[in-house]
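Reading through the structure tokens given below for one structure.
The values are calculated or read from the model by the stated rules, or taken from the named source; none is laboratory data. The structure presented is a predicted model; accordingly, all values stated were derived computationally and were not measured. Cβ placement follows ideal geometry from the backbone for every residue including glycine, while neighbour counts extend to all protein chains displayed. Ligands, DNA and RNA are stripped out before the accessible areas are found, and what is left, the full protein with its side chains, is counted by its heavy atoms. Shrake-Rupley method; radii C 1.70, N 1.55, O 1.52, S 1.80 Å.
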Amino acid sequence: MAAVVGIQELRRPAVLALRTLAVATCYYAGGQLGLLRRLTVEGAVVTPLYPPTGVAVACLLVFGLGCWPGIVLGAFFVIVSITTPAPDTVGILAGNTAGPVCAYLMLRRVGFRTDLGRLRDGLALVFLGAFTAMLVSSTIAVVTLMLAGKFAASSFWPIWFAWWTGDAMGVLIVTPFLLVLLGARWPPPTARWKEALAFAVVAAVLVPAATHSSISALFLVYPLLVWAALRFRLAGSTPCALFTSVMATIAATDHVGAFTRLSQVEVMLKLQLFNGAMALTTLLLSAVITEQRNTRLSVEEACQELAEALEHLTAHDTPAARAPVETQKLRPGRDER
């Protein structure tokens, strides 16, 4: 017994170390992907879509608060890959960690479910996990950089807005995708695979054309997102939203399509308005459809149980069981005769 307890105690640090390393690796990989497409706003380098923030929130929701050291480690390696560590690095690390942790605490406070099967879960992720919690990360990081003399105080608000929207888009677009991916059934069901294949082909053609078109055809992606939400729910809408956001970010950083002849600030504003509206529509619509489906299945299950209960009760109320009672009712009449 003592040997078993000792082995379990040894496993805990090993599991914690592996989990921390895995979270840090995922965070670092997301950071490198985000830095492939970056913009310069008032002299500060920002990313319109910062995937590590979404990775951090998803890891906290799945593994718990104990994985925060992996977030710090991954954020440190991302910073080291683009600049030399300085005293202001501590403030940036604190902001990058505090934002996802605040998102986790607020979401758990309101009873958030990682399956996103209710409308309230979608609303909580949007308004608490993304818009509210990322105020913490952007404010800490941008104030730290300003105090370190990296930019003038007059540039605070444009840089702060770009930082906040980049982090918020990471939560809105990447976190739902990872939660759905981790909670999916493997292997996935093969029902409607022909429709899924047709949808993938249409998305692969329509989304790049809409985001890179010179006639500003970004609105063409919305029917596709509605199709994904109605037919495939979160399993189809979240990958489609991620793909659309990536294509739009590429078009924005290349200044093509709807982002031609715009300044960096205008590009950032237009892109984030599109990404935010798209992610909000996709997530909430999919959550509503999933909630209605779950409600319908619950009602059908309750009706089935009620039918089985009635069948069980009527099985005992047969003519053979009623015969003695009917005989007893007739017997007094015969005695009177």
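Miscellaneous remarks
- Any hit, the range 23-36, residues being among the hydrophobic types (A, V, I, L, M, F, W, C), at pLDDT below 85 and either part of a strand (DSSP E or B) or in contact with a Cys (Cβ under 9 Å, 6 or more places away or on another chain) (or both): no
- Residue within the range 103-111 that is open to solvent by less than 20 Å² (accessible area, probe 1.4 Å), in contact (Cβ under 8 Å) with a residue 40 or more places away in the chain, in a helix (DSSP H, G or I) and under 21 Å from LEU283 (Cα atoms) present: yes
- Among the conditions (1) assigned to a helix (DSSP H, G or I); (2) in contact (Cβ under 8 Å) with a residue 60 or more places away in the chain; (3) under 21 Å from VAL101 (Cβ atoms), the only one that LEU116 does not satisfy is (1).
- Residue match in the range 216-234 (condition: on the phi < 0 side of the Ramachandran plot and more than 24 Å from the chain's Cα centre (by Cα)): yes
- Looking only at residues of the range 46-69 that are closer than 16 Å to LEU93 by Cα and out of contact with any Phe, Trp or Tyr (no Cβ under 7 Å at 6 or more places or on another chain), we find that the one that is most open to solvent (accessible area, probe 1.4 Å) is TRP68.
- Residue pairs whose Cβ atoms lie under 7 Å apart, separated by 6 or more positions or on different chains, with the first residue in the range 52-77 and under 23 Å from PHE112 (Cα atoms) and the second among the charged types (D, E, K, R) and open to solvent by 10 Å² or more (accessible area, probe 1.4 Å), are PHE63/ARG19; CYS67/ARG19; GLY70/ARG19.
- Within the range 242-264, if we keep just the residues that are open to solvent by 10 Å² or more (accessible area, probe 1.4 Å) and under 18 Å from the mean Cα position of the chain (by Cα), the residue that is nearest to HIS212 (Cα to Cα) turns out to be VAL246.
- Of the criteria (1) out of contact with any strand residue (DSSP E or B) (no Cβ under 7 Å at 6 or more places or on another chain); (2) closer than 30 Å to GLU291 by Cα; (3) touching a residue at least 60 places away in the same chain (Cβ under 8 Å), which one PHE131 fails: (3)
Here is a yes/no grid of residues against (1) under 25 Å from THR253 (Cα atoms); (2) at pLDDT below 90; (3) not hydrophobic (A, V, I, L, M, F, W, C):
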residue	(1), (2), (3)
PRO188	no, yes, yes
ALA196	no, yes, no
VAL202	yes, no, no
VAL205	yes, no, no
SER213	yes, yes, yes
LEU218	yes, yes, no
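- Among the criteria (1) without any contact (Cβ under 8 Å) to a residue 12 or more places away in the chain; (2) buried (at least 23 other Cβ atoms within 10 Å of the Cβ), the one PRO85 does not fulfil is (2).
- When we screen LEU269, LEU283 for residues that are closer than 18 Å to MET169 by Cα, at pLDDT below 90 and crowded, with 21+ Cβ neighbours inside 10 Å, the only hit is LEU283.
- Taken over the range 231-251, the criterion of being of a type in the set (A, V, I, L, M) and modelled with pLDDT of 90 or more is satisfied by ALA241, LEU242, VAL246, MET247, ALA248, ILE250, ALA251.
- Some residue of the range 126-141 being over 16 Å from THR165 (Cα atoms), assigned to a helix (DSSP H, G or I), in contact with a helix residue (DSSP H, G or I) (Cβ under 8 Å, 6 or more places away or on another chain) and open to solvent by less than 60 Å² (accessible area, probe 1.4 Å): no
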